[in-house]
Amino acid sequence: MKQPSIDTNEFRDHLSNVTDNGKRIWIYPRVVKGKLYQYRTYFSWLLLGLLFGLPWIEVEGHPLFMFNVIERQFVFFGVTFFPQDFHLVAIGLLTVIVFVILFTVIFGRVWCGWACPQTIFMEMLFRKIEIWIEGDYKAQRKLDESPLTTEKLLKKTAKHSIFFVLSFLIANTFLAYIIGKKALLAIVTDNPLEHLTGLFAITIFTAVFYFVFARFRELVCIVVCPYGRLQGVLLDKKSIIVAYDYLRGEPRGKMKKQDNPLDTLKQTAKGHCVDCNICVQVCPTGIDIRNGTQLECIGCTACIDACDEVMEKTHQPKGLIRYASLEGIEQGKKLQFNLRIGAYSAVLLALVSGLTYLLLNRSDIETTLLRTPGLTYQEEKTGVSNLYNIEILNKTTQQMPITLAVEDYPAAQIRLVGKPLQLKGSEITKGSFFIIIPKKDLKDSRLKLYVNIVSNGKVIDHVKTSFLGPME
Ligand code: SF4
Ligand code: SF4
């Protein structure tokens, strides 16, 4: 038996929420109840707690997470990454991309349905508020089609006011991830004239979030999201997706009231789908999952819950719509480990191992040492000296007093220009110093030296440099 509509593929020629004239069809999804929806709700509480809470958590006065793209400073789990750690950020991003690909190849759009902030905010926050104020899908449609009354005005004002406040909160949270909690609080509490850029950013973010959740909605997943657009190349017949078991469901048909469902099941000519259309009514992107895999499906599982309820009422086995692969449905096969999964896993493992090694061996400081340009050497009473410029990036949040020492060259001395070096947390410290070597100890006119950076008696970095002396 073939999947319905698969011969014509006519449903793929247009979007489910756009008319032939290109006008938007507003989607009023029916309220979902069911086990998976319950699980998604609990999971969303956890994610919302993390999303709103993480930017406010600090470790020893420093943020736990921060993605400051403006100053190119990224903090993950309290560890600060600077532009000097670009290789780590690049490998980390590559690892995430490979992980997402691998995960999607195996489990389809689980991310979209369960964890994507767009779905979580839309379905678990804004949609619930809409249902709470305006009622279920029928009441919402009726309200929109009705003329303006006091009740409509009150409901719409209440809904959009709450949407606006939520968008403002999300915008602030979003900004806190970028500039950090302290800078955000300064924008909120200081004189507004001192933070015009910050206030402008909050206003723009609020407007964007309000537009996305009040108007644009499912179009983000269907039209804008690049991950959604990639599904066509990531998914195959073995991927686990939300799928309609057309072998079991077709030929679909209404179940008459006088039908005994148990008798109906025995009739091989009739499938289990009673063509109630509830799976379409609950879909937030307005598609009919019975047409097969579609780009618009965000894997939200609403149709699984809805159909299971119908199956229960009609005394048929649940799972007519379920998590399954197309191959699994066609051949009754379970998910198997195949060459593609193996290859992706191997690449992922190599990336994670490499990243872990680099992270564990990441130095706390990064030193740049250069002989002062334009100078060669100076002859002094105690020997020959070279002048150096040093820049030390302290990647930790702690202050560090440091001293410098020339490695394996006991005769060499160091004379600092200015005050002793003190590294401030997450900052670059600059300084200058002379290395002085007694003339009798100069074995060559160009020496290779290593300078140790020592803090609390421990060598925390060492850098190579050269030392120039007079020609013999
Ligand atoms: S909810 Fe189930 S029974 Fe109803 S139309 Fe959809 S697939 Fe068929
Ligand atoms: S088809 Fe089902 S899983 Fe996909 S978006 Fe619609 S309701 Fe959600």
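The values are calculated or read from the model by the stated rules, or taken from the named source; none is laboratory data. What you are looking at is a predicted structure, and each value in this text was computed from that prediction instead of being measured. With ideal geometry, Cβ positions are generated from the backbone for all residues, glycine too; neighbour counts draw on all protein chains shown.
Could you please let me know if Gly319 is at pLDDT 90 or above and either assigned to a loop (DSSP other than H, G, I, E, B) or within 22 Å of Tyr28 (Cα to Cα) (or both)?
yes
Give the stretch 423-448 a look and list any residue that's of a type in the set (A, V, I, L, M, F, W, C) and modelled with pLDDT of 90 or more, or say none. Phe433, Phe434, Ile435, Ile436, Ile437 - these are the residues of the stretch 423-448 that are of a type in the set (A, V, I, L, M, F, W, C) and modelled with pLDDT of 90 or more. For the stretch 288-306, the count of residues that are within 16 Å of ligand 1 (Cβ to nearest atom), small (Gly, Ala, Ser), under 25 Å from Val31 (Cβ atoms) and part of a helix (DSSP H, G or I) is at least one. Inside the stretch 206-246, residues that are more than 22 Å from Asn172 (Cβ to Cβ) and not in a loop (DSSP other than H, G, I, E, B) make up a count of 19. Does Glu327 count as more than 10 Å from ligand 1 (Cβ to nearest atom), part of a helix (DSSP H, G or I) and over 16 Å from Asp236 (Cβ atoms)? Judged against the criteria, Glu327 is not a match. Of the residues that make up the stretch 260-270, is at least one more than 12 Å from ligand 2 (Cβ to nearest atom) and at pLDDT 90 or above? For the stretch 260-270, residues more than 12 Å from ligand 2 (Cβ to nearest atom) and at pLDDT 90 or above: absent. Exactly one residue among Thr293, Thr301 is modelled with pLDDT of 95 or more, within 16 Å of ligand 2 (Cβ to nearest atom), of a type outside the set (Asp, Glu) and touching a Leu at 6+ places or on another chain (Cβ under 7 Å), and that residue is Thr301.
Tell me the residue from Thr173, Thr157, Thr203 that is part of a helix (DSSP H, G or I), touching a Phe, Trp or Tyr at 6+ places or on another chain (Cβ under 7 Å) and at pLDDT 90 or above, please.
Thr173
Flag set for Gly61, criterion: surrounded by fewer than 14 Cβ atoms within 10 Å (Cβ to Cβ) and over 22 Å from Glu391 (Cα atoms). Exactly one residue out of Val105, Val96 is free of Cβ contacts under 8 Å to residues at least 24 places away in the same chain and part of a helix (DSSP H, G or I), and it is Val96.
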